[in-house]
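Working notes, structure below.
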Amino acid sequence: MKIISNIQDLRDQLRGQNRAAFVPTMGNLHEGHLSLMRLARQHGDPVVASIFVNRLQFGPNEDFDKYPRTFEADVEKLEKEGVYVLFAPTEKDLYPEPQEYRVEPPHNLGKILEGEFRPGFFQGVCTVVLKLLSCVQPKVAVFGKKDYQQLMVIRQMCHQLALPVDIIPAETIRADDGLALSSRNGYLSSDERAEAVQLIQTLKQVQEKIHQGQMSAESILQIEKAACAQLAARGWNPDYISIRKRKDLLSATDGELQANEQLVVLAAAKLGKTRLIDNLEI
Ligand code: PAF
């Protein structure tokens with residue numbers, strides 16, 4: 001595997017490759033990331049990965065400084081997966097001057113849910129993803145459904161800017177007890193790790209309630225409220241548990257619910273100091 005940090009060297013290395021499959025990451029790789037590499041291989045060749053902890057997508061009080069950086073272990077894992085090129089730029093390589101041009105997603109998608117609780121997050125994600133796509137110029141790029149809204153924001157960005165890349169969604173990989181794999185799980189104490197499974201358990205209960213009967217916009221609100229209260233009673237600090245339409249992540253109207261609109265329930269909640277997110281398609 002070639003490890004490249006400079007944009008020009010990357011372009012030289014990938015010249016003539018027009019079927020590359022790209023997986024951008026922030027490192028600290030786990031089975032979830034490795035499943036993205038395997039899916040990438042099914043959709044293109046060679047597989048190109050990137051590791052870059054992108055300062056632009058972290059708020060001032062978020063975990064940029066303590067975000068786990070495990071470069072050597074990551075390299076070993078990517079080598080085993082047969083990744084051809086690892087693009088691992090420094091901040092100077094990717095942002096040699098202040099990144100003044102930024103991509104701002106539309107409010108109706110970028111400022112709801114994660115965008116409401118993490119101002120600037122999607123602007124930072126879109127800006128770095130556009131830049132990485134421009135550096136790698138892949139045929140396809142793979143993103144996990146664990147970050148459901150991020151996947152949708154990126155897909156829309158590529159569509160609206162007519163970028164010549166197909167965005168491939170990858171299923172969430174879970175631990176045996178159901179907790180979605182995430183680099184931030186490493187922040188949890190052992191007691192918190194045991195409790196963390198309640199997030200997906202709560203989403204499953206929400207799913208069951210929705211399956212039980214005809215929903216209205218009002219009953220959806222009640223279910224969301226009850227789910228938040230249930231987590232709060234266990235010591236969590238929920239940002240949101242929200243049932244939305246899969247197609248645009250907006251709330252469904254009574255009419256849409258009657259017409260069996262496809263839904264997804266999304267959640268973000270803090271357990272101690274660790275903020276976890278998850279979602280379940282209904
Ligand atoms: O999901 C992530 O790891 C990051 O948001 C991404 C897509 C690599 C952009 O920094």
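Quick look at the values:
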| item | result |
| --- | --- |
| Built amide H within the under 5 Å cut-off of Ile173, gap 5+ | Leu181 |
| Separation of alpha-carbon centers, the stretch 77-154 and the stretch 23-58, rounded to whole Å | 11 Å |
| Within straight-line cross-link reach of Lys145, aspartates and glutamates at Cα separation under 20 Å, skipping those fewer than 8 residues along the same chain | Glu31, Glu114, Glu116, Asp166, Glu171, Asp176, Asp177, Asp239, Asp248, Glu261, Asp278, Glu281 |
| At R0 = 35 Å, FRET efficiency that the Cβ-Cβ distance of Arg19 and Asp176 yields, to 0.05 | 0.45 |
| Helix-only mean residue ellipticity at 222 nm for the chain, each DSSP H run of n ≥ 4 adding -39500 (n - 2.57), per residue, nearest 500 | -12000 deg cm²/dmol |
| Options Ala88, Gln137, Phe122, ranked by Cα towards positive dipole end of the chain, top entry (Cβ charges) | Gln137 |
| Dipole magnitude of the chain about its Cα centre (Cβ charges: Lys, Arg +1; Asp, Glu -1), debye to nearest 20 | 300 debye |
| Beta bridges by DSSP in the chain, antiparallel share as percent, to the nearest 5 | 50 percent |
| Length gained when the stretch Gln222-Asp12 is fully extended (0.36 nm per residue, less Cα-Cα span) | 70.0 nm |
| Folded to 0 to 90 degrees: helix 217-233 orientation relative to the chain principal axis, Cα | 80 degrees |
| Protection proxy ranking of 182-195, 145-158 - average other beta-carbon atoms within 10 Å, highest first | 145-158, 182-195 |
| Greater than 18 Å apart at Cα, pairs in Lys2/Lys80; Lys225/Lys270; Lys111/Lys204 | Lys111/Lys204 |
| Label-point separation in nm, Glu281 to Arg234, each point 7 Å along Cα→Cβ | 2.5 nm |
| Globularity index of the chain, i.e. its alpha-carbon radius of gyration over 2.2 N^0.38 Å | 1.03 |
| Qualifying lysines (Cα of each under 18 Å from Cα of Lys139; at least 8 residues distant if same chain) | Lys131 |
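Where a number appears in this text, it was derived from the coordinates with a stated rule and is not lab data. Keep in mind that this is a model prediction, so the values were computed, not measured. Virtual Cβ from ideal backbone geometry, glycine too; neighbours counted across all protein chains shown.
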